[in-house]
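Structure first, then comments.
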Amino acid sequence: MIKLTKRQDEILEIVKRNGPITGKEIAEKLSVSRAALRPDLAILTMSGNLDARPRVGYFFNEKLGVKQQAERYIHQKVADFKAHPIVVEKSTSVYDAIVQLFLEDVGTLYAVDSEGHLAGVVSRKDLLRAAIGNRNLQELPVSVIMTRMPNIITIEPEATLFDAAKKMINYHVDSLPVVKEVDNQENTYLLVGRITKTTITRAYLEIMEEKSD
C-alpha cells in the first residue's frame, strides 16, 4: 500500500465529500495551482485511490477501500482468531460424543490419543451416519468412525485467515484443527485450537461494519 502525503490525504477527503469533482475545483479548495496538483492526482489515480472520467471529474474508488480493509483482515494470523477446541478421547463412545456435540453447540469434535496428540476428527455427519446404522452407540468408540491421520486437513497458527478459508473451500470442511508439529514427527500434532467458517464470516462482517462506520 502506497504511503500518501498530507496533501494527497486532503485530496482524497475532498473527493470523498464532493465527488465527482474536477481538478480545477480541487485546486481551488486547496488554494494551489492545477499544475502543482497534477502529480498528486496522477499518483492517486494510478494507485487506484481515485477514478477519473473526462469532462466529469474525479471519483473516490470505494472498491479499493474495501479491498484494503479485506486484505488487512485476511492476512491476520490464525493464532489471533482461533477458538478453544472441543476435545474427546478417541475411546469415547459415539453416544457420549453426540451429547458433547450438542452441549458445546459445535459441528466438529477433535479426538486425541493418550498423549494428547490429535488422533482424529469427528463431524456431525460421522455421528449421524453411525446413529442411522442402528448400532449400540454407547459401546461404539469414536475411533471407529472418525477421520484419521494423515487424512485430517490441518492449519498452523502462523497461517493466515485466507489460507484457512481456501482450505475449507477446497476440502469441503466446516472447520480446521489448529496444530503444532511435535518434535518433527510426521503426522503427529499438538492440538492448540480450531478455526471455523463462522470465524471467517465474523472477520468479513467486521470489514463491512468498519465500512459502514
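What part of the accessible area of the range 72-186, given as a whole %, is carbon or sulfur when the probe is 1.4 angstrom? Within the range 72-186, the accessible surface is 47 percent carbon and sulfur.
From most to least packed by mean Cβ count within 10 Å, the peptides 181-188, 94-101 give 94-101, 181-188. Straight-line reach from Lys77: which aspartates and glutamates have Cα under 19 Å away, leaving out those fewer than 8 places along the same chain? Output for Lys77: Glu156, Glu158, Asp163, Asp174, Glu181, Glu206. The fraction of Cα-Cα pairs per 10 angstrom bin, counted from 0 for the chain, comes to 8, 26, 21, 14, 12, 11, 8, 2, 0 percent, rounded to whole percents.
Each of Leu191, Val173, Ala35 was placed along the dipole of the chain (beta-carbon charges, centred on the mean Cα), and the one lying farthest toward the positive end is Ala35. Look at the alpha carbon pairs under 8 Å that are at least 6 residues apart: their mean separation over the length of the chain gives a relative contact order of 19 percent. Based on protein heavy atoms only, the chain ends up with 62 Å² per residue of surface accessible to a 1.4 Å probe. Dipole check for the range 19-167: with +1 at the C-beta of Lys and Arg, -1 at the C-beta of Asp and Glu, and the Cα centre as origin, the magnitude is about 920 Debye. Between Lys166 and Asp183, the simple label model (points 7 Å from Cα in the Cβ direction) yields a spacing of 3.3 nm. Taken over the range 79-120, the percentage of Cα pairs per 10 Å bin, counting from 0 up to the bin with the maximum distance, is 28, 52, 19, 1.
The values are calculated or read from the model by the stated rules, or taken from the named source; none is laboratory data. Note that the coordinates shown come from a computational prediction; the quantities given were computed from them, not determined experimentally. So basically every Cβ, Gly included, is an ideal-geometry build from the backbone, and we count neighbours across all protein chains shown. Accessible surface is based on the protein model in full, side chains and every heavy atom, while ligands, DNA and RNA are left aside. Shrake-Rupley method; radii C 1.70, N 1.55, O 1.52, S 1.80 Å.
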